[in-house]
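Report on the structure given below.
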Amino acid sequence: MSVRVSRRSFLKLGAAGLGASSMAMMGFAPEQALASIRHFKLTGSTMTRNICTYCSVGCGMLLYTRGDGAINVIDQVYHVEGDPDHPVSRGSLCPRGAGVLDFINSETRVKYPEVREPFTNEWKRISWDEALDRIARHMKDDRDRNFETHDDKGQLVNRWLTTSMVAASACTNETAYLTQKIARALGMLVVDNQARV
Amino acid sequence: MRGDQINLQNIVARSASITPSPQVRQGGVEQVTKLIDVSVCIGCKACQVACMEWNNTRDEVGHCHGVYDNPIDLTAESFEVMRFSEYENEEGDLEWLIRKDNCMHCAEPGCLKACPAPGAIVQYANGIVDFNSEHCIGCGYCRAGCPFDIPRYSERDNKAYKCTLCSDRVYHGLEPACVKTCPTSAIMFGTREDMLDYGAHRVEHLKGRGYENAGIYNPAGVGGTHVVYVLQHADKPEIYSGLAKDPQISPAVEAWKGITKPIMSAVLGASVLAGFFHYVTKGPKEEPEDDPDPENAGRAREIDRHDGEDRP
């Protein structure tokens with residue numbers, strides 16, 4: 001539908017517009033409401049202390065979650081910053097630690113055991129029981145096949161060199177102790193962790 | 001006045017507004033300052049990450065330009081960027097100068113002066129210059145007014161954005177996100193007095209290490225800034241990826257907002273008044289019919305009379 005505006009009403013509108021803008025410029029504009037600064041996004045959040053999982057420095061982190069832990073709520077981490085009470089980092093975080101939120105909420109994050117069968121390129125989801133059984137089976141088979149009790153010179157060595165234990169860098173002392181005990185008890189000599197990354 | 005609060009954020013100046021803000025209860029507000037010590041910065045960019053995390057911005061993944069600067073320039077979603085420059089000093093040694101580039105929070109902000117939208121840019125009593133995006137009209141004048149070329153215009157919502165010095169955190173007694181995360185204490189935050197004291201201490205230290213021209217970058221041309229740098233070569237700020245030696249608000253902005261605007265307002269007002277008095281003394285102008293043919297003119301008048309009824 002076309003609206004016909006006559007020359008006269010066009011001029012009237014123009015004059016009204018000019019008058020209004022002149023009034024505004026001379027200071028008769030309606031007072032603008034002044035919104036306050038951005039809403040503080042940590043209000044009402046739950047703060048949990050944790051250790052950064054990236055490297056062996058083990059900086060302290062504060063994880064801020066929404067949700068109160070009730071049965072019908074799934075809590076979600078929505079902000080992470082440094083823990084000022086942590087003796088190592090005293091509140092600071094490196095770029096990886098500072099951006100850990102996107103790591104926590106990453107779509108590609110591994111949340112359950114997966115297996116890639118030989119000669120395939122697909123990762124298949126398996127249960128924890130299945131995964132642990134499978135790992136135990138592989139370890140047992142390999143150890144039975146390759147465990148050495150004596151070396152070339154006939155010295156007693158009791159070693160298992162064909163399998164290694166790769167531990168995490170941000171383990172607690174207790175975890176590290178148990179890892180060491182299990183690996184050594186099996187005769188594993190190659191123990192490493194990803195602290196060097 | 002140590003011990004006074006720094007987080008009270010009453011507005012002391014706002015763009016395109018003549019009405020002064022209430023000031024009686026603003027005594028005892030301490031000015032804040034962020035100090036960036038270029039000499040201990042390792043360029044890790046934790047500040048950039050913490051900034052994006054806090055402000056919920058996630059910039060587009062860019063491309064490598066052959067340098068460490070990433071992103072290559074500030075954007076509406078990257079409020080700060082580390083600028084890397086390789087400087088060869090008089091002895092022929094290479095110095096890697098890494099400057100965190102972000103809003104300087106000038107005491108006399110050019111953006112605020114240039115902004116035509118009432119209340120879109122405000123200055124708090126503690127010195128922070130903040131964009132109130134609700135009132136932003138997206139004209140981009142703030143960028144023209146800024147002597148440091150900081151504000152960036154977003155194509156997504158047609159509004160300008162820049163660093164807020166985490167005014168939301170400061171209001172709740174926290175330091176800005178970049179300050180908190182910095183692993184080498186290259187970024188510090190506190191009252192203006194404390195930061196200038198600390199900066200002076202750092203400058204002394206640098207002078208003892210052989211940097212004779214070390215100093216604090218706190219340019220007087222914009223009334224001082226609430227973000228100050230400690231530079232090893234304060235006599236040559238331009239080697240730090242083009243940091244302005246003597247930043248000034250552009251004379252065009254000064255003239256437009258200083259002299260031209262009131263004069264033009266008066267001229268506009270006078271012309272409206274003249275038109276009004278002309279109407280009063282001479283009366284309305286008698287229009288000849290639009291169409292010389294009386295039959296057509298009559299039809300046109302009929303349509304004019306009904307044009308309101310056409311509308312829904």
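FYI, it's all coordinate maths here, none of it is from the lab. Note that the structure is a prediction, hence the values are computed from the model and not measured. Note: ideal-geometry Cβ built from the backbone for every residue, glycine included; neighbour counts use all protein chains shown.
Provide B:191, B:184 in ascending order of the number of other Cβ atoms located within 10 Å of each residue's Cβ, fewest first.
Details: B:191 18, B:184 14.
Ranked by crowding around the Cβ, least crowded first: B:184, B:191.
Each Lys and Arg contributes +1 and each Asp and Glu -1, all at the Cβ; summed about the Cα centre of the protein assembly as shown, the dipole is approximately 820 debye.
Note on the range B:256-307: dipole from Cβ charges, positive end direction compared against B:268, B:278, B:300; the farthest Cα belongs to B:268.
With a cut-off of 19 Å on the backbone N, the residues of the range A:167-195 near the modelled label site 7 Å out from residue A:157 along Cα-Cβ are A:183-192.
Cβ screening of chain B for cysteine pairs under 4.7 Å finds these without a partner: B:41, B:44, B:51, B:64, B:106, B:115, B:136, B:139, B:146, B:166, B:182.
Counting other Cβ atoms within 10 Å, which trypsin sites (Lys or Arg not before Pro) in the range A:74-120 have at most 10 and lie in a DSSP loop? Please report the intermediate quantities before stating the final value.
On the way: sites: A:90, A:96, A:109, A:111, A:116; in loops: A:90, A:109, A:111, A:116.
Here the trypsin sites (Lys or Arg not before Pro) that fit, given the DSSP loop and packing criteria, are A:109, A:111, A:116.
Using a cutoff of 8 angstrom between alpha carbon atoms and counting only pairs six or more residues apart, the relative contact order for the range A:53-197 works out to 19 percent.
The alpha-carbon atoms of the range B:256-307, seen along their principal axes, cover 56, 26, 19 angstrom, with the largest extent given first.
Using only alpha carbon pairs under 8 Å that are at least six residues apart, calculate the relative contact order of chain B and give it in whole percent. Display every interim value, and only then the final one.
Numbers: 534 pairs, mean separation 66.7, N = 312.
Rounded, it is 21 percent for chain B.
With the simple model of a label 7 Å out from the Cα in the direction of the Cβ, residue B:213 to residue A:121 spans 5.7 nm. The helix-based estimate of mean residue ellipticity at 222 nm for chain B, built from -39,500 (n - 2.57) per DSSP H run of four or more residues and divided by its residue count, is -8500 deg cm²/dmol to the nearest 500.
Once C-alpha pairs closer than 8 Å and six or more residues apart are averaged by separation and normalised to the residue number of the range B:113-251, the relative contact order reads 17 percent. Projecting label points 7 angstrom from Cα along Cα→Cβ for residue A:108 and residue B:185 puts them 3.8 nm apart. When chain A is treated as a GNM with alpha-carbon contacts under 10 Å, the residue of A:173, A:121, A:158 showing the greatest mean-square fluctuation is A:121. Between residue B:67 and residue B:306, the modelled label-to-label distance comes to 6.9 nm, taking each label 7 Å out from Cα in the direction of the beta carbon. Does a label point 7 Å from the Cα of residue A:194, set along Cα-to-beta-carbon, have any residues of the range A:42-80 with amide nitrogen under 20 Å, and which are they? Zone members listed by number: A:50-61. Among B:91, B:204, B:175, the largest mean-square fluctuation in a Gaussian network model of chain B, built with springs joining Cα atoms closer than 10 Å, belongs to B:91.
Are there any helices in chain B, counted as whole DSSP H runs, that stretch 27 Å or more along their axis by Cα and score at least 0.0 on average by Kyte-Doolittle, and if so which? Please list the in-between numbers first.
On the way: long enough: B:261-282 (31 Å, 0.94).
Going by DSSP H runs, the hits are B:261-282.
For a quick check: sort B:276, B:79 by the number of other beta carbons within 10 angstrom, fewest at the front. Each step should come with its number before you reach the end.
Working: B:276 11, B:79 27.
So the ranking, lowest neighbour count to highest, is B:276, B:79.
For the range B:246-275 versus the range A:140-197, the inter-centroid distance based on Cα atoms is 80 Å. Charging the Cβ of each Asp and Glu at -1 and of each Lys and Arg at +1, and nothing else, the dipole of the range B:256-307 about its Cα centre rounds to 780 debye. Taking the longest Cα principal axis of chain A as reference, the axis of helix A:128-146 is set at about 40 degrees. Here the residues B:256, B:96, ranked from fewest to most Cβ neighbours within 10 Å of their Cβ, fall in the order B:96, B:256. Given the options B:183, B:262, B:118, which has the most mean-square fluctuation in a GNM of chain B, springs set between C-alpha atoms less than 10 angstrom apart? Looking only at B:183, B:262, B:118, the biggest GNM fluctuation is shown by B:262. Measure nothing fancy, just the Cα-based angle from helix A:173-185's long axis to the longest principal axis of chain A, in degrees from 0 to 90, nearest 10. Taking the Cα atoms of chain A, the angle to A:173-185 is about 30 degrees. The helix-only estimate of mean residue ellipticity at 222 nm for chain A, built from DSSP H runs of length n ≥ 4 each weighted as -39500 (n - 2.57), is -9000 deg cm²/dmol after division by the residue total. In degrees between 0 and 90, to the nearest 10, how far off the longest principal axis of chain A does helix A:7-23 point, with axes built from Cα atoms? With both axes taken from Cα atoms, the answer is about 70 degrees.
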